[in-house]
């Protein structure tokens, strides 16, 4: 009997919920908690940047390993365990008293983040035909914006309700929510449509590759991931996003509160606006890349992101902050969506989690260096103008590199 609603849609919207927890709560909330955490633990910006670096180092490690594990043993198991790890260590972050403990917990949260987010972003390649991968991946990426918006609305309320210790309660509440999402993911996620006797959404019967779906991935197939020149170039393009966007993300609220003089509440509302606007940016940019091609789509996305960083640096007014937030919000997760779809294009749906995990090595290196570099520059110059202009220049370089991406026509 033919299903009215393809189970791929259940999987892809569960993926959206996973990214709400993994990225929206586990990572993006740090931007809003950072100023209160700075005051509560008496850290400087270099130390706060290093906490971000610790988180991204963990993310980098498990983004690579988690992607390969998902391709090997299944997406559902990897994602569920990773979210449990995230939830527990987020709660423990709220108990931190020292830099070393806080760093360790952020590192472990990053491990869980990478192992959950990368396989979730690859679900579109497994469950949807090539012509719809960008769109499907954009739905999953919408969870990042949704989680950011939710964090922007509830974190300031928690901080205000609990005073000086509010940042601790924020981590605990968000961590508990991530554990709940882990249970939902364990119930609903399936790695591939073949497990349920289905074809990918949008694929004609008989068109689904079946040679690798029922057996372990062999050494020659793994080689397709790390010996393909296109994949390495894609990784270099992704590096530019990791290095640039994280500067904006990490120090957005700190700049508005500590340097621009806005209240925590207004900074939180602005951040919630970024999250709200970015909910649909993945769908828009993913669909755009389906039509224009990954190269032109990525280049345009990088250019628009660079404009948002420049506005924040060069227009230090309330209007400028809002314009920057809007421009960033409508483009925020564009590049990860396009990279995830391109990884599926280059290595095929079965190896898509591994391919995305591999290029995330480059993305993660950019993320690892970005916060500490920007924090050091901010401490050195006593201003965030330099770090935001640096992010702008890197993003424009990413736009140029993106034009070198090759169009391929893989199996769907």
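Some points to look at:
- Conditions (1) closer than 19 Å to residue 145 by Cβ; (2) over 14 Å from the mean Cα position of the chain (by Cα): number failed by residue 15: (2)
- Against the numbered list (1) in a helix (DSSP H, G or I); (2) closer than 19 Å to residue 152 by Cα; (3) at pLDDT 85 or above, residue 268 comes up short only at (3).
- Looking at region 7-82, the helices (runs of 4 or more DSSP H) lying wholly inside it that each contain 1 or more residues that are over 30 Å from residue 156 (Cβ atoms) sit at 7-19, 45-73.
- Residue list for region 110-126, restricted to those being closer than 18 Å to residue 346 by Cβ and part of a helix (DSSP H, G or I): 118, 119, 121, 123, 124, 125, 126
- If the condition is being touching a residue at least 60 places away in the same chain (Cβ under 8 Å), crowded, with 17+ Cβ neighbours inside 10 Å and closer than 13 Å to residue 46 by Cβ, then region 374-400 contributes 374, 375, 378, 387.
- Restricted to region 252-265, and to residues there that are in contact with a helix residue (DSSP H, G or I) (Cβ under 6 Å, 6 or more places away or on another chain) and either outside any loop (DSSP other than H, G, I, E, B) or within 18 Å of residue 391 (Cβ to Cβ) (or both), the residue that is modelled with the highest pLDDT is 256.
- Residue check for residue 182: under 24 Å from the mean Cα position of the chain (by Cα), assigned to a helix (DSSP H, G or I) and either more than 30 Å from residue 90 (Cα to Cα) or modelled with pLDDT of 80 or more (or both): yes
- Hey, residue 82 more than 22 Å from residue 41 (Cβ to Cβ), crowded, with 24+ Cβ neighbours inside 10 Å, under 14 Å from the mean Cα position of the chain (by Cα) and at pLDDT 90 or above or not: no
- Residue check for residue 238: buried (at least 22 other Cβ atoms within 10 Å of the Cβ) and either at pLDDT below 80 or under 22 Å from residue 121 (Cα atoms) (or both): yes
- Any hit, region 278-292, residues being touching a helix residue (DSSP H, G or I) at 6+ places or on another chain (Cβ under 9 Å), crowded, with 20+ Cβ neighbours inside 10 Å, modelled with pLDDT under 90 and not in a helix (DSSP H, G or I): yes
The values are calculated or read from the model by the stated rules, or taken from the named source; none is laboratory data. Keep in mind that what you see is a predicted model, and the values were worked out from it rather than measured. For neighbour counting, all protein chains shown are included, and Cβ atoms are generated from backbone atoms with ideal geometry for every residue, glycine included.
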